[in-house]
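Worksheet: the structure to be examined is printed underneath.
The values are calculated or read from the model by the stated rules, or taken from the named source; none is laboratory data. Remember, it's a predicted structure, so these values are computed and weren't measured experimentally. As a convention, Cβ positions derive from the backbone with ideal geometry for all residues, glycine included, and neighbour counts pool all protein chains shown. Accessible surface is based on the protein model in full, side chains and every heavy atom, while ligands, DNA and RNA are left aside. Shrake-Rupley method; radii C 1.70, N 1.55, O 1.52, S 1.80 Å.
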Amino acid sequence: MSRARCERRGLKRSLREDQKRKGKGYPPTVTLPNRKSSLETVAEEKAAVQDTTEEKLRVYRLLLPGLLKKLARIPDPRSSKKVKHKTDMLMLYGILMFAFQMSSRRRTNREMTTPQLVENLQSVFPELKEMPHQDTLCRLLKEIDVEKIESIYISLLRELIGKKRFRQLLHKKRYLVAIDGTQKYVMRECWDERYLRRKVQSKDEHQYYAYVLEAVLIFSNGMVLPLLSEFLENSPELEKIESDEEWKQDCELKAFFRLAKRLKKEFPRLKLTLLLDGLYANGPAIDTCRKYRWEFAIVLKEGSLPLVWHEAKGLMRLDGEGEHRLEQTWRGRHQVFRWVNGIEHEYGQGRHRKYLKIHLVVCDESWSDVDKDGNVVVRNIRHAWILDEPITRKNVHSRCNLAARKRWLHENNILKEKHQGYRYEHIFSHHWEAMRGYHYLMHIGRMLNEMAMHSVYLTEHVREFGERFFINMFREAMRNRELDTARLRLMAESPGQLRLIYEDNWRTNRLAA
């Protein structure tokens with residue numbers, strides 16, 4: 001680390017301590033400890049590895065058996081006389097591939113078929129006879145209805161919600177659902193007409209890419225669980241169009257209405273609050289949320305809905321220091337909230353014209369920081385949201401700071417899936433259906449890891465070593481350690497209970513800081 005960087009970190013530390021003495025409550029910042037291992041003997045190391053591996057496998061065992069039984073019922077187009085690996089075991093192989101954060105099918109074949117790993121897994125899943133080849137799983141995903149994988153995963157979430165596993169992790173007894181789109185991968189060849197395409201002006205050629213609209217569940221302890229995926233895809237008729245000017249393909253906004261319809265169908269009576277970015281600050285999206293009786297918090301950028309902004313700024317100037325204003329300090333930042341309720345917004349034309357009442361809140365934040373030259377500066381930022389209900393001094397903090405800002409956890413979630421082990425952008429298969437199948441299996445593997453890392457038995461271990469190192473330790477223990485399989489079998493046969501941490505954890509605080 002450079003000397004200038006060390007000095008800058010020291011200045012930030014002293015600034016933070018000075019702010020705390022003045023009563024500005026900064027959230028606790030946590031970094032991974034830089035120290036030697038606390039284990040002194042080989043016996044202690046074996047016991048620690050056994051305990052943590054056993055607890056993580058306990059979470060897997062509590063969640064996977066029912067899921068695998070339903071996956072086994074997916075119609076199998078393969079010849080029954082030639083089938084060597086059952087559907088549920090192939091699905092288990094695919095799920096564990098992402099739970100262990102394998103980077104490719106080739107690496108999975110090499111590292112997940114070792115005798116030690118198979119022996120350790122068989123103690124928990126005795127129905128697993130041997131590991132298949134990745135090509136076998138890929139061929140199955142090309143032929144089956146992969147949407148049933150997502151449907152079965154949703155049924156697992158519905159079961160957990162019905163058992164009130166997340167009851168103490170909700171915001172005002174409502175489930176926070178963040179929705180955002182992201183690109184999956186890009187290629188130069190068109191392997192399927194359903195891939196989106198764009199023209200690269202500098203090279204005068206086309207790129208083909210997959211794009212997905214993702215919906216996730218966000219909880220108060222920082223846990224983020226995948227919920228629904230809506231793939232953007234072209235219809236086969238578009239391939240007949242030669243001119244780029246006539247080419248009108250699928251887009252994120254169209255996919256949102258399809259995803260919203262599916263979300264209402266899957267969870268018709270669930271109380272939801274949608275957290276959306278600035279793309280959805282428009283009449284049709286707001287009208288859809290109200291039609292389905294969902295609460296919402298939509299980011300409103302400065303250039304969006306200019307008439308709404310013009311009216312809101314005028315009313316805020318008239319209000320001045322009035323009742324539609326709240327000033328506070330939160331997490332070390334000075335906040336000034338201003339809001340306007342009941343702004344009329346019209347959209348559509350002719351007989352399709354509609355009128356909506358919009359409630360707009362603006363938050364101006366300022367905080368002291370140290371710049372790259374070592375000088376103390378005051379930084380400023382503005383946030384604005386459209387909310388579904390009128391804003392008051394009593395609910396503005398809860399609706400904005402404790403709900404709307406949690407949308408950033410979804411952006412952090414996409415970052416993790418792309419760059420922190422889950423290989424979101426890797427091409428596991430060019431085949432459209434197989435690509436989607438691997439995507440759904442990745443979400444199940446991600447859910448297993450999230451539930452394990454937020455369980456009461458493992459959260460302190462994750463805090464000490466970090467998420468990625470924790471997953472790597474588990475993978476290496478399963479691959480290279482001779483575990484006590486008798487204890488693992490006893491654990492798998494005994495009833496257990498899934499217990500999650502409920503307080504704000506260190507990941508949420510670190511992200512907010």
Would you check if there is a residue in region 29-41 being open to solvent by less than 50 Å² (accessible area, probe 1.4 Å) and over 24 Å from the mean Cα position of the chain (by Cα)? no
The conditions are (1) under 33 Å from the mean Cα position of the chain (by Cα); (2) surrounded by fewer than 18 Cβ atoms within 10 Å (Cβ to Cβ); (3) small (Gly, Ala, Ser), and residue 79 fails exactly one of them. Which is it? (1)
Give region 291-305 a look and list any residue that's at pLDDT 90 or above and open to solvent by 90 Å² or more (accessible area, probe 1.4 Å), or say none. 291, 293, 301
Region 199-221, subset open to solvent by 10 Å² or more (accessible area, probe 1.4 Å) and within 18 Å of the chain's Cα centre (by Cα), residue nearest to residue 150 (Cα to Cα): 211
Restricting to region 470-487, and then to whatever is open to solvent by less than 50 Å² (accessible area, probe 1.4 Å) and under 14 Å from residue 48 (Cα atoms), can you tell me which residue is farthest from the chain's Cα centre (by Cα)? 483
Taking the stated definitions as given, is residue 3 over 30 Å from residue 473 (Cβ atoms) and either surrounded by 12 or more Cβ atoms within 10 Å (Cβ to Cβ) or of a type in the set (Lys, Arg) (or both)? yes
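If you go through region 368-390 one residue at a time, how many are open to solvent by less than 50 Å² (accessible area, probe 1.4 Å) and over 28 Å from the mean Cα position of the chain (by Cα)?
Residues meeting the conditions: 6.
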For region 296-307, check the following and say yes or no: at least one residue is among the aromatic types (Phe, Trp, Tyr) and closer than 19 Å to residue 230 by Cα. no
In this structure, does residue 350 turn out to be at positive phi, of a type outside the set (Ser, Thr, Tyr) and within 34 Å of the chain's Cα centre (by Cα)? no
Can residue 331 be described as under 16 Å from residue 360 (Cβ atoms) and at pLDDT below 90? no
Filtering region 313-353 down to residues that are among the aromatic types (Phe, Trp, Tyr) and without any contact (Cβ under 8 Å) to a residue 60 or more places away in the chain yields 339
Check on residue 312, farther than 28 Å from residue 22 by Cβ and either of a type in the set (S, T, N, Q) or within 30 Å of the chain's Cα centre (by Cα) (or both): no
For residues that are in contact with a Ser or Thr (Cβ under 8 Å, 6 or more places away or on another chain) and either in a helix (DSSP H, G or I) or within 15 Å of residue 61 (Cα to Cα) (or both), tally how many sit in region 94-104. 1
Residues of region 119-154 being over 30 Å from residue 231 (Cβ atoms) and open to solvent by 20 Å² or more (accessible area, probe 1.4 Å), which ones? 119, 122, 126, 127, 129, 130
Name, by its number, the condition in (1) farther than 18 Å from residue 59 by Cβ; (2) open to solvent by 30 Å² or more (accessible area, probe 1.4 Å) that does not hold for residue 413. (2)
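Among the residues of region 187-198, are any surrounded by fewer than 14 Cβ atoms within 10 Å (Cβ to Cβ) and free of Cβ contacts under 8 Å to residues at least 12 places away in the same chain?
yes
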Would you please list the contacts, defined by Cβ atoms under 7 Å and residues six or more apart or on different chains, that run from a residue in region 412-429 that is among the aromatic types (Phe, Trp, Tyr) to a residue that is open to solvent by less than 30 Å² (accessible area, probe 1.4 Å) and assigned to a loop (DSSP other than H, G, I, E, B)? 422/101
Sole exception among (1) surrounded by fewer than 17 Cβ atoms within 10 Å (Cβ to Cβ); (2) aliphatic (A, V, I, L, M); (3) at pLDDT 90 or above; (4) under 26 Å from residue 126 (Cβ atoms) for residue 498, by number: (3)
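Only one residue in 271, 313, 357 is touching a strand residue (DSSP E or B) at 6+ places or on another chain (Cβ under 6 Å) and over 30 Å from residue 150 (Cα atoms). Which one?
Values: 271 fails: over 30 Å from residue 150 (Cα atoms); 313 fails: touching a strand residue (DSSP E or B) at 6+ places or on another chain (Cβ under 6 Å).
None of the other options fit; the residue is 357.
Take residue 396 and decide whether it is modelled with pLDDT of 90 or more, closer than 30 Å to residue 15 by Cα and open to solvent by less than 30 Å² (accessible area, probe 1.4 Å).
yes
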